[in-house]
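Structure record follows, encoded as structure tokens.
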Amino acid sequence: MDDQRIGFHHYLRGIVLGAMALFLFRMTLYGDLKYYLAPKLMIYTHISIVALALLSLVHFVLPPEHHHESCDSCTHHHALPKKGLPTLIFFSLFFLPIATGFAFPHHTLGEDAAANRMMNKNLAKQAQGASSAPAGAQRTPISQQQFDGLKKKLLRQRQITVDDTYYTYILNLLNQDPEIFKGKPLVLKGFVYRGKQTAPGEIMTARFGISCCIADASVYGLLTRGAVSELKKDSWIRVSGILDVTKHAGVPVPVLTRSKIQKIKEPRHPYVYDNGILLD
């Protein structure tokens, strides 16, 4: 086998590994990993950056030596792509995704993505029949006792403020038993989402909730009524209003009425994180 060709592929592999490490490092440096991963999984990306950088360095430090022991029956081969177009196609499978990652801006999921995802209605129903262990080693679910304690705390408060830390839990509590929260003032922020069944004069004030990564993102939202006709899809708003109850497909759901809506910039962390409930 041509030693020059072996060396060419050897250094190309080093470039691919280095480019992958550089791309992940750039995402980490500029905080773009938040668009793809839950914070507790980012440590694995950091480890990958170090591993890829070391492997790339090895390819440039160590020469592409090719030795064989003398043996009449040896049929040892290092399979490489054929010359020309096959080689170009092979390495394009690695370089093109990396190049597009550098070239195109990162995009927050919005209404178009939400239309193809399930609206997360009730964590309690999903938890039935689930294991008492968390779904993944990096998930840190709250206990059922903490979940019940949060419910009592919200009922005691004069106004419910839906913060990012407990966003998914609060939305699930509201959907679980909307009647007990009826009449309470509530404040939350999210993007404007209009589903296929959203009536005129209504929107969903929504956020994407992530358990592990962007692939498992689901939509958490609160039906909102008010002066919403001029609001553009995917625009970010801060809403304050009074909780009421309406029916959707015969099921009681919470709705925010008498809403005061303020346009805001997209938050630094647009997604919220759903760690689930650890059943006793």
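Neighbour counts of other C-beta atoms within 10 Å: give me THR168, THR246 arranged from fewest to most. The partial results should precede the final answer.
Values: THR168 23, THR246 15.
If I rank by nearby Cβ atoms, fewest first, I get THR246, THR168.
When only Cα pairs under 8 Å and 6 or more residues apart are kept, what is the percent relative contact order across the range 170-279?
Working: 221 pairs, mean separation 33.3, N = 110.
It rounds to 30 percent for the range 170-279.
Sorting TYR30, TYR271, TYR35 on the 10 Å Cβ count, fewest up front, what's the list? Don't jump to the answer; show the numbers that get you there.
Working: TYR30 10, TYR271 21, TYR35 16.
Lowest to highest Cβ neighbour count: TYR30, TYR35, TYR271.
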Between LEU62 and LYS265, Cβ-based FRET efficiency (R0 45 Å, step 0.05) works out to 0.35
Pairs over 19 Å Cα to Cα, from LYS196/LYS232; LYS152/LYS247; LYS196/LYS233; LYS189/LYS232; LYS40/LYS189, come to LYS152/LYS247; LYS40/LYS189
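The numbers here are math on the coordinates, done by the rules we state, and not lab data. Note that the structure is predicted; figures quoted are calculated from it, not measured. All Cβ positions, even for glycine, are placed from backbone atoms using ideal geometry, and neighbour counts span all protein chains on display.
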